[in-house]
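Below is one structure, written out as C-alpha cells; comments come after it.
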Amino acid sequence: MKQIHDNLQSTPPAEGSGAPAAVPAGPTTGPLTPEELQLGARNHSMPLEALRRDVTPPGLHYILTHFDIPDIDPAAWHLRISGAVERALELSMAALRKDPAITVPVTLECAGNGRSLLSPRPMSQPWVLEGVGTAHWTGIPLAYLLGKAGVLQNAVEVVFTGADAGIQGGVPHHYARSLPIREALRADVVLAYKMNGNELPPQHGYPLRLVVPGWYGMASVKWLESIEVVTAPFAGYQQQVAYRYQDSADDAGTPVSRIRVRSLMVPPGIPEFFTRKRVLPRGPVMLQGRAWSGHAAVTAVEVGIDDTWLPAHLEEPAGGFAWRKWRLPWVADPGEHVLACRATDASGATQPLEQNWNYQGLGNNVVQRISVRVE
Ligand SMILES: Nc1nc2c(c(=O)[nH]1)N[C@H]1C(S)=C(S)[C@@H](COP(=O)(O)O)O[C@H]1N2
Ligand SMILES: [Mo]
C-alpha cells in the first residue's frame, strides 16, 4: 500500500496549481490500485453481450464521469450562449424544447477504452474493452442555435462547459472541451435532451448534453451549462493537457479527436464465473459483433480463428456514425481456440494486431482476442 501511495504523490502538480494534489505517477506494471478500482466501479462499461443490440439501453451503455454527477434543478437551469456572437442568449429548457429537434444514432466510445490491457498501464479509468455504446440522441442541432446567436467572422472554436467540477492534474476546473468552428457547425452535432426516446438519465448529462458524432466521447460534454464562441484556441485542462497522444510526460503530443476504427465480438458460449473463460459445445455457432470508425465508413471485418482470417458479413449501419453489425458462421471443433476480429474503414485504416501504446493510454484499438474451450 505504501508504494502505491508514494506513487500517487510522486509527480509534481501541474504548473500554476496551488497545493500538491494526488497526481497519478506515470504508467505502471503493478497490480490495480484501489483508486483505479474506485474509478472502474463508478464508470462502468457495456457488457459485451449488449453488442447484440442495435441500440444500447441506458444502464448498459458505458459511463465516464470524471468528477461527480451534478444534481441539476431543470426549472432553475439555463443554457448561456456567449462570446464572439451577435446576440448572447440565455435559454431555459422549456424554450429549448420548442426548437426543431433531430435524432441521431451515435456510437460513443471512451478514448481510454482498452487502457488496462496496456503494458505498462497508464493510471486512470481502467477500461478493459467495453467503454462503448450506441444510442439515439434527440435534441436541437447545435448549428441551429449558433445560427440564432450569429457567429462572428473571427470565431475559431466553440467551448462547451459542464456543471460538474473537480481537480485533475492539480488543477481545479469545470469539465470543458472545445470544438473547431467547422465541426461545431456540422448538421449532425446535437444538444441532446433525450436518449433512446426517453428523458436523458442523470449519469448521461441531464438536462442537456452535447453529442459529437464520430469523435471520442470526451468531446460530448454532459450537463452542459455554457457555450462560448472564442477567437483563440481553448487552453482548458481537458483540452490542452488531457486527451493528447503523447510518447512520454514531456512530449507535447497531438490532440485526440475522431474514433479509430474498431470491432468487438459478442463472446460466444457461456463464461466460467471466475476465469471469465468462454465454454461452448461443438458444432455450428454464429459469431457476431459490431464495428465502427469515426474517420470513414467501416468497409470490412475479418474474423480470426486461430489466426486464420475470414471475411465477415456486414449489415447496414443505422447512421454514418453508428456501429455496423457483422456476423460469421463457424463450426466449432473440440479443443482450445483463440477468436479475434479486425475492422477496416474506407480511409484504409485497420486495427493493429499489437497494442498502440501511448502515455495516457488513448485510442488503443488493438484487436480483441477471446479464448474459448469447445467441448
Ligand atoms: N461534463 C462532463 N462531460 C463529459 C465527461 C465528464 O466527466 N463531464 N466525460 C466525457 C467522457 S471522457 C466521455 S467518454 C463521455 C461519456 O459519455 P457517457 O457517460 O454518456 O457514456 O462523456 C464526456 N463528457
Ligand atoms: Mo472518455
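Limited to the range 147-172, what total is found for residues that are away from ligand 2 (no atom under 16 Å from the Cβ) and under 30 Å from Thr28 (Cβ atoms)?
Of the residues in the range 147-172, 5 are away from ligand 2 (no atom under 16 Å from the Cβ) and under 30 Å from Thr28 (Cβ atoms).
Just the residues that are hydroxyl-bearing (Ser, Thr, Tyr), away from ligand 2 (no atom under 16 Å from the Cβ) and assigned to a loop (DSSP other than H, G, I, E, B), please, taken from the range 105-146.
The one that is hydroxyl-bearing (Ser, Thr, Tyr), away from ligand 2 (no atom under 16 Å from the Cβ) and assigned to a loop (DSSP other than H, G, I, E, B): Ser119.
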Test for Glu302: is it of a type in the set (D, E, K, R), within 16 Å of ligand 1 (Cβ to nearest atom) and part of a strand (DSSP E or B): no
Close pairs (8 angstrom Cβ cut-off, 6 or more residues apart or separate chains): more than 9 Å from Gln203 (Cα to Cα) and part of a helix (DSSP H, G or I) in the range 46-75, among the acidic types (Asp, Glu) and open to solvent by less than 50 Å² (accessible area, probe 1.4 Å) anywhere: Leu48/Glu130
Of all residues making up the range 58-94, the number that are over 28 Å from the mean Cα position of the chain (by Cα) and within 23 Å of Thr134 (Cα to Cα): 0
Set Pro180, Pro202: member being under 18 Å from Pro74 (Cα atoms) and away from ligand 2 (no atom under 15 Å from the Cβ): Pro202
Test for Gly139: is it more than 10 Å from ligand 1 (Cβ to nearest atom), over 17 Å from the mean Cα position of the chain (by Cα), small (Gly, Ala, Ser) and over 30 Å from Arg290 (Cα atoms): no
Qualifying residue in the range 31-40 (condition: closer than 29 Å to His295 by Cβ and surrounded by fewer than 20 Cβ atoms within 10 Å (Cβ to Cβ)): yes
Every pair of residues 6+ apart whose Cβ atoms lie under 6 Å, when the first sits in the range 201-216 and is assigned by TED's automatic domain parsing to the domain that holds Cys110 while the second is within 9 Å of ligand 1 (Cβ to nearest atom) and among the aromatic types (Phe, Trp, Tyr): Gly205/Trp223; Leu210/Phe160
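The values are calculated or read from the model by the stated rules, or taken from the named source; none is laboratory data. Model, not experiment: these values are computed from the prediction. Methodologically, a virtual Cβ is constructed for each residue, glycine included, from the backbone with ideal geometry; neighbour enumeration extends over all protein chains shown. To get the accessible areas, we keep the full protein, side chains included, count just its heavy atoms, and leave off ligands, DNA and RNA. Shrake-Rupley method; radii C 1.70, N 1.55, O 1.52, S 1.80 Å.
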